[in-house]
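Since the structure comes first, as structure tokens, the remarks are kept for the end.
Where a number appears in this text, it was derived from the coordinates with a stated rule and is not lab data. Predicted model, so just to flag it, every value in this text is computed and none were measured. Every residue, glycine as well, gets a Cβ built from its backbone with ideal geometry; the counts of neighbours run over all protein chains shown.
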Amino acid sequence: MIFIKASGECVDFSKNILDTVDFSQSQLGHSNFRECQIRNSNFDNCYLYASHFTRAEFLSAKEISFIKSNLTAVMFDYVRMSTGNFKDCITEQLELTIDYSDIFWNEDLDGYINNIIKMIDTLPDNAMILKSVLAVKLVMQLKILNIVNKNFIENMKKIFSHCPYIKDPIIRSYIHSDEDNKFDDFMRQHRFSEVNFDTQQMIDFINRFNTNKWLIDKNNNFFIQLIDQALRSTDDMIKANVWHLYKEWIRSDDVSPIFIETEDNLRTFNTNELTRNDNIFILFSSVDDGPVMVVSSQRLHDMLNPTKDTNWNSTYIYKSRHEMLPVNLTQETLFSSKSHGKYALFPIFTASWRAHRIMNKGV
């Protein structure tokens, strides 16, 4: 049966039980399906412009199909549905929010979640924002309920590991929590040491810091080395992404005052014409609220890879990130591990500083 409503007429199906109804190829723009119970019905090739399905319940185990339907401006608001196929639909201005109450006490939770994942992924590629939003809301619901390590995770990884889903940090941390732990362990091990990043590590850690900016201050020396090496990369995408990340951090409330105080040394910061001699890198010391060092890319490189002629005194040292007063500290105070307990103030330079002293027989 094909439903064709009269021009200007609003067909009201609200609060009805629609069981095994074939709506395919019907003209049902501006129709009202609010609070309907819909079972085993088909909406393929249906014109549903600006129709409302608010709090409708799609209760059948069989997939509800909207293939090739016009869903422009349709409201699926808090619908209870776990199966559906939106392949090749027109989805401009489509609004879709799902009622996840069926998660509670669900005897087939894996099947329920897998069906929702599959349904979300049937939305066309031009609805990427909607797909991502739906995926995030699903993951958030699972995180709130502390639902982890279920069988559906593998299927979720298979589908949500691709764009647009994987770009969202909430999704990425949920499906790749082991990887995040791996990255954090690596950072912890190299927090105060020299690091050489390969291309994949640059990409991974740029993403990690982008989505977890609170990690930057804690791993500042690691972070600065990443920024420096990524800016030296031949990959334009890596350079663009890392420069955007660094500018965001620099402009944060806790860091921007440092640049205001050292403006003369950072005059080129807001341009794309940086040189390796521009002092744009801020290194925090290993002591909370301890001295900060402002260096250029070239200076950082020279201190990590010293020659016999490297000058260790030509650095900008300030009292702390909150008191930008120049201070004169000895090399031993800055770089010797004996100066502040387990670590030097700037331990990433300790090994190279010692090597330089040996080189010059000044042990």
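Given the alternatives [x] 120; [y] 173; [z] 291, volume of the Cα convex hull per residue in Å³ as computed for this entry is given by [y]. Report the residue, chosen from 329, 123, 71, that carries the largest GNM mean-square fluctuation when the chain is represented by alpha-carbon nodes joined by springs under 10 Å. Looking only at 329, 123, 71, the largest GNM fluctuation is found for 329. Considering only alpha-carbon pairs that sit under 8 angstrom and 6 or more positions apart, the relative contact order computed for the chain is 7 percent.
Think of it as helices only: each DSSP H run of n ≥ 4 in the chain is worth -39500 (n - 2.57), and spread over all residues that comes to -11000 deg cm²/dmol at 222 nm. First check a/c for the range 184-359, with a ≥ b ≥ c the square roots of the eigenvalues of its C-alpha gyration tensor; if it is under 1.5, answer rounded, and if not, answer prolate when a/b is larger than b/c or oblate otherwise. Because its axes are fairly even, with a/c under 1.5, the range 184-359 counts as rounded.
Here's how it looks for residue 26: its modeled amide H is under 5 Å from those of 3, 47, which are all 5 or more places away or on a different chain. 3J(HN,Hα) along the range 52-66: 10, 10, 3, 6, 6, 10, 9, 9, 7, 6, 6, 4, 7, 9, 10 Hz, from the Karplus curve 6.51 cos²θ - 1.76 cosθ + 1.60 with θ = phi - 60°, whole Hz, x for Gly and Pro. With both residues required to sit in the chain, DSSP beta bridges show an antiparallel share near 30%. Close amide H partners of residue 316, meaning residues 5 or more places away or on another chain with modelled amide H under 5 Å apart, are 294. Helix 199-211 and the longest principal axis of the Cα set of the chain meet at an angle near 70°.
Under 11 Å from the Cβ of residue 285, count the other residues' Cβ atoms, weight Lys and Arg +1, Asp and Glu -1, and hand me the total.
Numbers: positive: 319, 321; negative: 288, 289.
Net charge in that neighbourhood comes out at 0.
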